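The values are calculated or read from the model by the stated rules, or taken from the named source; none is laboratory data. The structure displayed is predicted, hence computed values, not measured ones. As a convention, Cβ positions derive from the backbone with ideal geometry for all residues, glycine included, and neighbour counts pool all protein chains shown.
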Amino acid sequence: MRVECVGGVITDESGRLLLIQRGHEPGMGLWSIPGGRIEPGETDAHALVREMREETGLIVTCGPLLGAVERPGLGGAVVDIRDYRAVVTGGELAPGDDADAVRWVTAAEAAELETAGQLTGGLLETLRGWSVLP
């Protein structure tokens, strides 16, 4: 079974990356970019805007596709995630829905999370490959 999802890559004016701490499996407790499942009838852009609002409290516009990754899901499912650049247009940053916490991190802080085993596996390498982080 394939599960179609979107993720939002958001950076602030200082180049810090927005991360959420996952509140549910898969990856509960790990830091990752916000996102989630595409609901029936939704476009990627609609799903991205909805998920960002639900998980971070922020209102965003969907930008260009950065790339796609596949991750193992629950019960042997394959999670197909399409990650988009997103731009904040409003709202107030606060964790919600599936996120236990939300924070801005520098590239160095993201690397520290990875070293500590607290970052979703492969995320830093992927974001560097897409030139999101140095």
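Which of the residues that make up the range 97-108 are more than 16 Å from Val9 (Cβ to Cβ) and surrounded by 15 or more Cβ atoms within 10 Å (Cβ to Cβ)?
Step one: filter the range 97-108 for residues more than 16 Å from Val9 (Cβ to Cβ), giving 97-98, 100-101, 108.
Asp97, Asp98 - these are the residues of the range 97-108 that are more than 16 Å from Val9 (Cβ to Cβ) and surrounded by 15 or more Cβ atoms within 10 Å (Cβ to Cβ).
When Leu30 is evaluated against the numbered criteria (1) exposed (fewer than 15 other Cβ atoms within 10 Å of the Cβ); (2) closer than 25 Å to Pro134 by Cα; (3) not polar (S, T, N, Q), which criterion, by number, is the only one it fails?
Every listed condition holds for Leu30 apart from (1).
Do we find that Ala94 is surrounded by fewer than 17 Cβ atoms within 10 Å (Cβ to Cβ), over 20 Å from Gly36 (Cα atoms) and free of Cβ contacts under 8 Å to residues at least 60 places away in the same chain in this structure? Steps first, please.
Numbers: surrounded by fewer than 17 Cβ atoms within 10 Å (Cβ to Cβ): yes; over 20 Å from Gly36 (Cα atoms): no; free of Cβ contacts under 8 Å to residues at least 60 places away in the same chain: yes.
For Ala94, the condition - surrounded by fewer than 17 Cβ atoms within 10 Å (Cβ to Cβ), over 20 Å from Gly36 (Cα atoms) and free of Cβ contacts under 8 Å to residues at least 60 places away in the same chain - is not met.
Just to be sure, is Asp100 under 14 Å from Gln21 (Cα atoms) and not hydrophobic (A, V, I, L, M, F, W, C)? I'd like the intermediate steps shown before the answer.
Numbers: under 14 Å from Gln21 (Cα atoms): yes; not hydrophobic (A, V, I, L, M, F, W, C): yes.
When the stated conditions are applied, Asp100 passes them.
Please verify whether Glu25 is modelled with pLDDT of 95 or more, over 20 Å from Val88 (Cβ atoms) and either acidic (Asp, Glu) or in contact with a Ser or Thr (Cβ under 9 Å, 6 or more places away or on another chain) (or both), treating the condition exactly as stated. Full working, then the answer.
Details: modelled with pLDDT of 95 or more: no; over 20 Å from Val88 (Cβ atoms): yes; either acidic (Asp, Glu) or in contact with a Ser or Thr (Cβ under 9 Å, 6 or more places away or on another chain) (or both): yes.
No; evaluated as a whole, the condition is false for this residue.
What number of residues within the range 33-66 satisfy the criterion of being under 20 Å from Gly90 (Cβ atoms), surrounded by fewer than 19 Cβ atoms within 10 Å (Cβ to Cβ) and of a type in the set (Val, Ile, Thr)?
Summing the residues that are under 20 Å from Gly90 (Cβ atoms), surrounded by fewer than 19 Cβ atoms within 10 Å (Cβ to Cβ) and of a type in the set (Val, Ile, Thr) in the range 33-66 gives 2.
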